[in-house]
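Written out below as structure tokens is the structure these notes cover.
The values are calculated or read from the model by the stated rules, or taken from the named source; none is laboratory data. This one's a predicted model, so the numbers in the text were calculated from it and none came from an experiment. Because the Cβ atoms are built from the backbone with ideal geometry, glycine has one as well, and the counts that use them run over all protein chains shown. All accessible areas refer to the heavy atoms of the entire protein, side chains included, with ligands and DNA or RNA removed. Shrake-Rupley method; radii C 1.70, N 1.55, O 1.52, S 1.80 Å.
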Amino acid sequence: MFNLALWVYVGLTLAIFGSLATVWGPGVKDPVIRTINTEVASVGVSLILLTYNSTLALLTLISTTIIVTLILFRAISRLEEIGADV
Amino acid sequence: MVASIVPQLVPAFYSLMYTTVLYGGLIVAFIGLIGIAMEKRDIQVLILTDIVGLAMLIIVAAVGTDLSEALILPGLVVELAEIMAISEILISHEMRKKDVHTSFTPIPLNIDMEIMTTAPNFIALLLIGYGVFLSGFTGGAVAGGGIVIYVLSRKVRGLPVVVLDGVGAISGISWCLWIIGFLFFFILPQYWLLSLFLAALGLLLKVASKIGLIGIMMREEYGRK
Amino acid sequence: MLEFIDLTTISIALMIIGAIGIVLLQKPLDKVIMVSVLEAGLFLAIVSFRYLDVAFLTAFLDPLSIIVFLFALIKINEVRKSQLNDYSTVPKMLKSTENREKNSEGDK
Amino acid sequence: MPNIAKLWNKLADPKNIPRLFALILGLLLIAGFLIPIGLNTDQIYTRPAPQSQMDAGLTIAPYDRGGEILESPGITEAQYPENSQNLGWINSYMTPIADMLKGISPYFGTSICASPGGLIDEILYYTRGFDTILESSILMMAFIIASWLAINFTMDRKEEKGEGDIEEDVKRAIASSDRIANEVEMSNRKARKKQAKKEFR
Amino acid sequence: MLIENLGGNLMGTIPLGDIVLYLNSLHIFLFVTILVFTALIAISRTETQVEAMFGSLDENKVSVGKKEFKQRRFLAIICGIATAGAMITGDLFNFTLFMALIGIVNIGIVSAVKHVDVLNSAYQYGLIAMMCGLPLFGGAAMILAATGTLSLFELAAIPASPMMIFGALVMLIGVCGESGIAPFFASKAEMFRTPGSPFILIIHLSSLFIIVRFVEILLIIL
Amino acid sequence: MEELYIMIYIIVFIVGSIAGLLLSYKKHMEPYIISEIDVLTLVFSIVGWFLLFNHGLINAIRSVILLTIAFFCIGLAIGRRPGYGRKETAIGILIAGIVWILTSGVLF
Amino acid sequence: MNLMAQILINVIIAFLAGSLLLGFHRKVMARVQLRPGPPIIQYLLHSLKFFFKETTFPKTASIPFYIGITVILAIIWVTGVIVGPVTKGSLMILFGIYAIHKIVEHNAGSSSGSPYGKLSCVRAVFSAAGELPLFAVIAVIFLLTGTMDISGIIAYQSIHGPLFFQLPLAVLMFFTLIVTKSPYSPFAITKGKEIISGFETEHFGMLRGYIMFSESIAWYILLWIFLTIFFGPISVVGYLIGMIVICIITGFINATTPMLNPNHSVMTQISIAVICTVGSIIMIII
């Protein structure tokens, strides 16, 4: 039907690109930007799971990613409120 | 017929892609770890450990069997829980470091988004319903997401401690439920259907209530004035 | 020419555009828009794999993630703004160095 | 020698440890590229090739593992089949709702198999159930820690007066829940008014 | 390598589906010891740390509050049970899960204290514990990929290939980080400055026992 | 049974040492006086070391008993207060060693 | 002879011989430092003396543990005697016993509430981080001999000759461990004199007696293992000479070296451990 390997490569590319962007991307000194950048890597992982037909894992990943983001944002905003220099 | 449904050996696709995917996972892990090694600020390291967790998922998924998927599922939820606990420690650490007498209640938020008044009820209901149907880890995560979004969108500022304890109690009970289910499988194998339901629903309740807890903890952050 | 425009190509293109956009755009709100582009790509991919229920759930969870982002961003913006107001006379750089000194003392 | 001593002293600072760990682990992982790597195809719990079930048009793709509901077991290649007497029954089972859903559309395989019964349950609760117990214990512990910290430190620190006074806690809780009830009531009334206005218009 | 060569004769197995717990003399020794310690923790009270104040004749007393005590005792008991489980498990992935549980509980035991320094090292240790998810689960997955099994009985019969050794090494790094072996000792050692002797005991105990057990597992894999 | 004998030897040695210590404390109240050779100690030492090395020469009595006596005597000599009993021990070892070499046939 | 009697006899031997060796070790150190030093039986007399002294408990102590830990220490080393000289069982169990010994050092320090004890407790964690890798020498031995049973290792040596010549680096590693465990050693950070007596500071009377009892057994067992697994089947006289020689060597080392700072101690140990393990493995492969 269609090329499955292509999807794996796209997924890996996205994952690597996303992690690179998270680590060294522009403006990652700001934790908010860094957190949003992790989304790219997680979509890459989602694609790999999709191609490997692990759809249940995919479902779980999508819903936990949101919650992890929420937690991270909570930590960030809380720390900024306290005025902590972390 | 039967042989075609489940092959004896791992299909060629998985074994062909294994090296690639594993290398990809290793690269992602390497990038994340080097990023941690170079980073100095605490919160940034916490965000970067998320990447390391994703790399772990890739490496486990690369095996490409049902077992590997079963290993991923809980791993995801565990990763989530650990981030939660550690971020909480970070916050309390910073609070301790600061002056004790300053107020630490979050700044109230004053936003009025149309979407927050109408959509969440529906979406949350749908998600919870779907999660209950799914059951297990996946269902727990989905339903938990629904609960989070519901709590987040409502004006539930100042929810009492009792509710938290109640949620804890639910999850404790469901945990027992599910352990009983697990033991049933081996002690009384003839009741496997009953134990299946005990286990699935116990886990659902447990995960969902725990994730719902996040929402309750968030209500201070995003609960509007 | 048109044979390139099938579901696969479109979804991959969407995802790549979204990814690049997320990384390159600096303002958080712009990033959120690109996140939705990225997730649309993922949605299309799932559809092209014909997993209807997964696609259905993704369709529900994506907006949620956008909402979460928006909430958090607004909140953080507000926090930062209020801190700026408090220290309006003090430049931001100075404030952070002050903090660092305090920390290094505390560490001893 | 003094340099080594200085380096060793630096290692005694907790802040440097995660970074050192990450560095060593990263370097070790990169060493993985030098090692011949390949998948042993003789695995337990194998699954069909991706999309093959979808292309074959099976109704509960990609998780169809054979078997009929309550009649014959499905196929699972467990490590120790002798330890699990009902191997395969679970992954052929479907709840009545799931069965109905299966008839409606061929594209709901994932959700059907995620609901009680199905392959994942077979592995998660039965053959490798102990793993799942541990995983969710980890989850529970993490949440206990987080919620304990949240209740005691990071939330509502302003109201904290006497430590460990349960009665006080309960009183405060009741009061606050009263307040919430009032608030909710008020907001409901407001919403109703708005609604009424709109309808009136 | 035979399993019997490592820790004495095989005395029995507890089959739970694919996960088979097994007992030999080493395991029984470790298992019983850890349970004895856990029982002692459950009944003991905490100590009060007394230090003379500088410049005056007063003394500075630090003890554990009641709420904190209950929470920490609970977590310590869970930690003891988890360690006991890790001692007898016969499955690689199961072992890594026990490790992860021990890691998170260890953080929890010290997370309730008031010292800023201790909290800081607990946080740093928590970061390590999170990162350890990668080497532990990843290493186990690599061994799974190379051999097609996670059971230690099967692994003992399979001769080691380079990929298995690599997976085992990765796991070793994970165990070293999680249990605070040098050179990663500092963040864990600093956590011990807090009062609550029985609870911090179990942190140390669990990590040492995990090392003992992991050496055995490593030798089984190799 | 060997272990039982070892235990007996050690215990006897310790008893001898304690006895020697008490004896020497009774004899010398003053510290650090490097005196001339004490005859009693010398006798004990020579007997002890002689028996230890050469118990095989005496066939009439069981070697266990001989060794027990030997260890007791050695303990008496060695277990003196610090500074005392060193020369005696050395002489005992020397004599016993010479006898052993002459009788055991190492030289021939 | 039945097993119980054998155990009893071996425990008594271990205790008495261990105490004498520790006393001898102290004597050697004293002579190296040009002091007369106490008589050899002094250590034994000390440990016996403590059993007859009044036992008191600090008000701040964490009670069941404060008492229980000394009993546990005694029990584990009696187990050590059973596993070692009596049944010649698995080395892994001895490894486990050693790990519990570290725990006891840790908890004996922390359970009293004394600041010295607390310092010693933190240092016990440090030292465990360095010493356990040293004990991983048993892994090297396993890789060569293919067995963990002490009797199996003895059998291997009687065929292939002593391991001392085949694994010199492993010998060095184990010897470092012995130096670490010897009193007044440069690595003995838990009992450094700047924190009074380290973890034993607050244990008096009977409890201290238990600790000293177990320490002498521990010293004996450690030397016994070293001689057994590296020199193969040797006679009683061989054990005696070997133990005395080791005591003299460690006495010399300890008398002439200052105590290291905790970090340096740990890192030195781990460096030795890593270098020797890697070296031994390379030697085995080649």
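The requirement of being more than 12 Å from the chain's Cα centre (by Cα) and at pLDDT below 80 is not satisfied by F:I98. Would you mind finding the one in G:A218, G:A255 that is in a helix (DSSP H, G or I), under 16 Å from the mean Cα position of the chain (by Cα) and of a type in the set (A, V, I, L, M)? After ruling out the rest, the residue left standing is G:A218. The residues in the stretch G:112-126 that are more than 8 Å from chain E (Cβ to nearest Cβ) and polar (S, T, N, Q) can be counted, and the count is 1. May I ask you to say which residue of C:V54, C:V37, C:V23, C:V32 is part of a helix (DSSP H, G or I), among the β-branched types (V, I, T), modelled with pLDDT of 85 or more and within 30 Å of D:S52 (Cα to Cα)? Criteria check complete, one pass: C:V37. Residue under question is C:L2, and the condition is that it be open to solvent by 20 Å² or more (accessible area, probe 1.4 Å), modelled with pLDDT of 85 or more and more than 19 Å from the chain's Cα centre (by Cα); does it hold? Considered against the rule, which asks whether it is open to solvent by 20 Å² or more (accessible area, probe 1.4 Å), modelled with pLDDT of 85 or more and more than 19 Å from the chain's Cα centre (by Cα), C:L2 comes out as no. Does A:L47 fit the bill of being aliphatic (A, V, I, L, M) and more than 8 Å from chain C (Cβ to nearest Cβ)? So A:L47 fails the test.
Of all positions in the stretch G:186-193, at least one carries a residue that is more than 28 Å from D:N16 (Cβ to Cβ) and surrounded by fewer than 17 Cβ atoms within 10 Å (Cβ to Cβ). Would you be able to say whether some residue in the stretch B:184-199 is at pLDDT 70 or above and within 16 Å of the chain's Cα centre (by Cα)? No - not one qualifying residue is present in the stretch B:184-199. Within the option set E:M131, E:M164, E:M142, E:M171, being within 15 Å of the chain's Cα centre (by Cα) and touching a residue at least 12 places away in the same chain (Cβ under 8 Å) holds for one residue only, E:M171. All of G:I153, G:I67 fail the test of being more than 9 Å from chain E (Cβ to nearest Cβ), more than 17 Å from the chain's Cα centre (by Cα) and either closer than 27 Å to G:M267 by Cα or open to solvent by less than 10 Å² (accessible area, probe 1.4 Å) (or both), apart from G:I153.
Going through the stretch E:138-155 one residue at a time, which ones are in contact with a helix residue (DSSP H, G or I) (Cβ under 7 Å, 6 or more places away or on another chain) and open to solvent by less than 10 Å² (accessible area, probe 1.4 Å)? Once the filter is applied, which keeps residues that are in contact with a helix residue (DSSP H, G or I) (Cβ under 7 Å, 6 or more places away or on another chain) and open to solvent by less than 10 Å² (accessible area, probe 1.4 Å), the stretch E:138-155 yields E:G138, E:G139, E:A140, E:A141, E:M142, E:I143, E:A145, E:T149, E:L150, E:L152, E:L155. Selection over the stretch A:1-20 of residues that are of a type in the set (V, I, T) and open to solvent by less than 10 Å² (accessible area, probe 1.4 Å) gives a count of 1. Is it true that G:V179 is of a type outside the set (K, R), surrounded by 22 or more Cβ atoms within 10 Å (Cβ to Cβ), farther than 22 Å from E:L205 by Cα and in contact (Cβ under 8 Å) with a residue 60 or more places away in the chain? No, not satisfied.
Checking every residue in the stretch A:21-29 against the condition of being part of a helix (DSSP H, G or I), buried (at least 24 other Cβ atoms within 10 Å of the Cβ) and either within 9 Å of chain B (Cβ to nearest Cβ) or modelled with pLDDT of 85 or more (or both) gives at least one match.
In the stretch G:77-109, what residues are in a helix (DSSP H, G or I), within 9 Å of chain E (Cβ to nearest Cβ) and open to solvent by 10 Å² or more (accessible area, probe 1.4 Å)? Passing the criteria: G:T79, G:V83, G:I93. Could you tell me whether F:M7 is outside any helix (DSSP H, G or I) and of a type outside the set (D, E, K, R)? Here the answer is no, as F:M7 does not meet what is asked. The requirement of being surrounded by 24 or more Cβ atoms within 10 Å (Cβ to Cβ) and in contact with an Asp or Glu (Cβ under 6 Å, 6 or more places away or on another chain) is not satisfied by E:S187.
Among the residues of the stretch C:40-51, those that are within 13 Å of chain D (Cβ to nearest Cβ), assigned to a helix (DSSP H, G or I) and open to solvent by 10 Å² or more (accessible area, probe 1.4 Å) comprise C:V47, C:S48.
Annotation: of all residues in the stretch D:56-98 being among the hydrophobic types (A, V, I, L, M, F, W, C) and within 10 Å of D:E122 (Cβ to Cβ), the one that is most open to solvent (accessible area, probe 1.4 Å) is D:W89.
Within the set B:I43, B:I36, B:I51, the sole residue that is free of Cβ contacts under 8 Å to residues at least 24 places away in the same chain, closer than 30 Å to B:I86 by Cα and either facing chain A (nearest Cβ under 8 Å) or touching a strand residue (DSSP E or B) at 6+ places or on another chain (Cβ under 7 Å) (or both) turns out to be B:I51.
Within the stretch A:7-30, being in contact (Cβ under 8 Å) with a residue 12 or more places away in the chain and within 13 Å of B:T49 (Cα to Cα) holds for A:S19, A:T22.
Residue count for the stretch G:132-144 satisfying the condition of being open to solvent by less than 10 Å² (accessible area, probe 1.4 Å) and either facing another protein chain (nearest Cβ under 9 Å) or out of contact with any Phe, Trp or Tyr (no Cβ under 8 Å at 6 or more places or on another chain) (or both): 6.
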